[in-house]
Amino acid sequence: MGFKWMMMLVLCVLIGGSMGAKPNKPIDVPFGRNYEPSWAFDHIKYLNGGSEIQLSLDNRTVKRILSIWALCYAHKMVAGDSAGTVTAFYLSSQNSEHDEIDFEFLGNKTGEPYILQTNVYTGGKGDKEQRIYLWFDPTKDYHTYSILWNLYQIVFFVDEYPIRVFKNNKNLGIKFPFDQPMKIYSSLWEADDWATRGGLEKIDWSNAPFVASYKGFHIDGCESSVNAKFCANQGKSWWDQKEFQDLDTTQWRLLRRVRDKYTIYNYCTDKKRFSTMPKECKRNRDVPRNS
């Protein structure tokens with residue numbers, strides 16, 4: 001399988017009726033219908049006819065354990081002492097100047113809150129990290145993590161909450177990841193050199209295997225050839241329509257709540273790394289009101 005997607009929505013949970021025309025309803029299909037593992041096949045467990053899978057990490061598969069092509073899913077994180085592990089869900093193109101859109105869930109010590117890191121790479125350069133505490137225990141039940149990606153914006157969602165917006169600011173000279181098709185991956189891997197408290201907390205392999213669970217594998221987007229820059233139906237799909245070109249008032253309010261209550265790191269306000277605030281930050285509303 002070699003799907004490459006140019007424009008897509010990963011939005012399993014809609015926000016009321018304010019979004020206007022609704023996308024196709026997510027379909028709960030077996031994992032194997034649209035996706036496939038890349039390696040470490042003996043560390044994948046299929047449940048309920050393949051509608052749910054579990055990935056496991058142990059010291060026999062120290063680095064990236066698995067990549068799957070999935071776009072919209074419900075997910076339960078590694079429970080217990082998961083320090084040093086990262087469960088990632090991301091889109092990535094396939095060259096040296098690659099684009100990438102990342103969800104990364106950073107493991108923790110038992111009883112400490114999970115940290116969710118997001119990042120956007122354009123032209124091979126990232127450095128746009130934001131981190132939040134989740135307002136629930138992601139190991140107890142499934143939650144939906146999704147991405148809206150179109151010509152106008154990238155929106156990261158946790159359930160019904162938009163947690164981050166990255167606008168298309170090409171008019172400001174800022175690169176936007178839209179000219180390259182991306183593949184979709186999820187992985188569970190060891191990153192104890194940085195993932196938990198900056199690498200201070202290492203993986204305790206006596207707790208292995210570490211297990212992450214997934215279900216609700218859904219894709220809605222357009223398939224593209226390697227050299228295509230736009231979909232053949234550009235402008236005609238539901239994700240191109242006006243109501244998906246910006247957040248509405250309610251969504252901006254929900255995003256502000258995440259910003260005010262749960263954000264613990266934002267590259268836009270890191271003056272040690274950036275003496276001048278990156279140009280995209282104010283348009284994305286990533287800076288405090290008094291900035």
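The values are calculated or read from the model by the stated rules, or taken from the named source; none is laboratory data. What you see is a predicted model, and the numbers here were worked out from it, not measured in a lab. When we count neighbours, we look across all protein chains shown, and the Cβ atoms used for this are built from the backbone with ideal geometry, even at glycine.
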Notebook entry, point to check: Do we have Asn95 as surrounded by 22 or more Cβ atoms within 10 Å (Cβ to Cβ), part of a loop (DSSP other than H, G, I, E, B) and modelled with pLDDT of 70 or more here?
Noted result: no
Note to self: Quick test for you: out of Glu160, Glu129, Glu100, Glu112, pick the one residue that is free of Cβ contacts under 8 Å to residues at least 40 places away in the same chain, surrounded by fewer than 21 Cβ atoms within 10 Å (Cβ to Cβ) and among the charged types (D, E, K, R).
What the structure shows: Glu112
Check: Out of (1) in contact with a Gly (Cβ under 9 Å, 6 or more places away or on another chain); (2) modelled with pLDDT of 95 or more; (3) aromatic (Phe, Trp, Tyr), what's the single condition that is false for Tyr267?
Finding: (1)
Next item on the list: Consider Tyr121 carefully, then state whether it is touching an Asp or Glu at 6+ places or on another chain (Cβ under 8 Å) and assigned to a strand (DSSP E or B).
Entry: yes
Check: Only one of (1) assigned to a strand (DSSP E or B); (2) at pLDDT below 90 is not met by Phe157, so which one is it?
Finding: (2)
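Residue by residue, here is whether (1) part of a loop (DSSP other than H, G, I, E, B); (2) modelled with pLDDT of 85 or more; (3) touching a strand residue (DSSP E or B) at 6+ places or on another chain (Cβ under 9 Å); (4) of a type in the set (A, V, I, L, M) holds:
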{"site": "Ile15", "(1), (2), (3), (4)": "yes, no, yes, yes"}
{"site": "Ser18", "(1), (2), (3), (4)": "yes, no, no, no"}
{"site": "Asn24", "(1), (2), (3), (4)": "yes, no, yes, no"}
{"site": "Pro37", "(1), (2), (3), (4)": "yes, no, yes, no"}
{"site": "Arg64", "(1), (2), (3), (4)": "yes, no, yes, no"}
{"site": "Phe105", "(1), (2), (3), (4)": "no, yes, yes, no"}
{"site": "Glu112", "(1), (2), (3), (4)": "yes, no, no, no"}
Margin query: For the stretch 247-273, give me each residue that is in a loop (DSSP other than H, G, I, E, B) and out of contact with any Phe, Trp or Tyr (no Cβ under 7 Å at 6 or more places or on another chain).
Written below: Leu247, Asp248, Asp270, Lys271, Lys272
Margin query: Please determine whether any residue of the stretch 180-191 is at pLDDT 90 or above and farther than 24 Å from Cys231 by Cβ.
Written below: no
Check: Quick check: is even one residue across the stretch 218-229 in contact with a Leu (Cβ under 9 Å, 6 or more places away or on another chain), at pLDDT 85 or above and either crowded, with 19+ Cβ neighbours inside 10 Å or more than 20 Å from Ala88 (Cβ to Cβ) (or both)?
Finding: no
